[in-house]
Amino acid sequence: ALLIEQTNAAYEERDKALFEIVALEQSERKEEETHTKRIEDLNEELLSINKQLLDRTKRMNIPVEVDPEEEERKAEERREIERVHELARLEEENARQRREKLERYEEMLRNIYEAMGISDVDELVEEYYKREELIFSKVQHENIQNDEIQQLEREIQALNKEKAMEAEQNSEVVLKDEMAD
């Protein structure tokens, strides 16, 4: 009974954890989409500002002086943008892998539903518990039967020994009788 209670508690914890995982993944996906959109918007804004500055400089026919510090700052900004893009790509790959894993789990659950002819999680859990209890009772019954078999085998061995001893005693009595005749 304790084992069944522990099993039930473990399955309830698993189901609760699955629901939490799904909720977290949905929240994470939404945050990721917002983050990616924000990065794209900032990148577009930066490109727009650079284009405006370049256009203004061309219209004014002002010779562009190259400021080494400004060039280094721009190079650093480009590296930072590339790093942000790489992070976004990695986050997207991670999210894709999580989605694939979730889809595999959902497919497995659909297969279980289909195989068992059940479409509700609560029904599935209830059916699982019923089958778990049935298996447990069968195992208990089998253990009892095995114990009884072992006891009967010990009794048979004891009776066989007793029979052999009686046969030996009878043969000794017959020999004594024949010798006395």
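Nearest 10 degrees is fine. How inclined is helix 68-116 to the longest principal axis of the chain, computing both from alpha carbons? The two axes meet at around 30 degrees. By the equivalent-ellipsoid construction on the alpha carbon gyration tensor, the stretch 1-75 comes out with semi-axes of 60, 13, 4 Å, ordered largest to smallest. Solvent-accessible area per residue in the chain equals 86 Å², computed with a 1.4 angstrom probe and all protein chains kept.
For the chain, take the longest principal axis of its alpha carbons; what is the angle in degrees between that and the long axis of helix 121-180, to the nearest 10 within 0 to 90? The helix 121-180 is inclined about 30 degrees to the chain.
Computed per residue of the chain from DSSP H runs no shorter than four, each worth -39500 (n - 2.57), the mean residue ellipticity at 222 nm is -35000 deg cm²/dmol.
For the chain, the share of accessible area belonging to carbon and sulfur comes to 55 percent (1.4 Å probe, ligands and nucleic acids excluded). Taking square-rooted eigenvalues a ≥ b ≥ c of the alpha carbon gyration tensor, is the stretch 41-99 rounded, prolate or oblate, where a/c under 1.5 means rounded and, failing that, a/b exceeding b/c means prolate? Because a/c hits 1.5 or more and a/b fails to exceed b/c, the stretch 41-99 counts as oblate. Taken about its Cα centre, the stretch 29-181 carries a charge dipole of roughly 1220 debye when the Cβ of each Lys and Arg holds +1 and the Cβ of each Asp and Glu holds -1. Rounded to the nearest angstrom and listed largest first, the equivalent-ellipsoid semi-axes of the stretch 87-163 from its Cα gyration tensor are 54, 18, 8. Net charge dipole, the stretch 40-110: roughly 340 debye, given to the nearest 20, about the Cα centre with Cβ charges of +1 for Lys and Arg and -1 for Asp and Glu.
The values are calculated or read from the model by the stated rules, or taken from the named source; none is laboratory data. Bear in mind the structure is a predicted one, so any value in this text is a computation, not a measurement. Note that each Cβ is placed from the backbone with ideal geometry, even for glycine, and that neighbours are counted across all protein chains shown. Accessible surface is based on the protein model in full, side chains and every heavy atom, while ligands, DNA and RNA are left aside. Shrake-Rupley method; radii C 1.70, N 1.55, O 1.52, S 1.80 Å.
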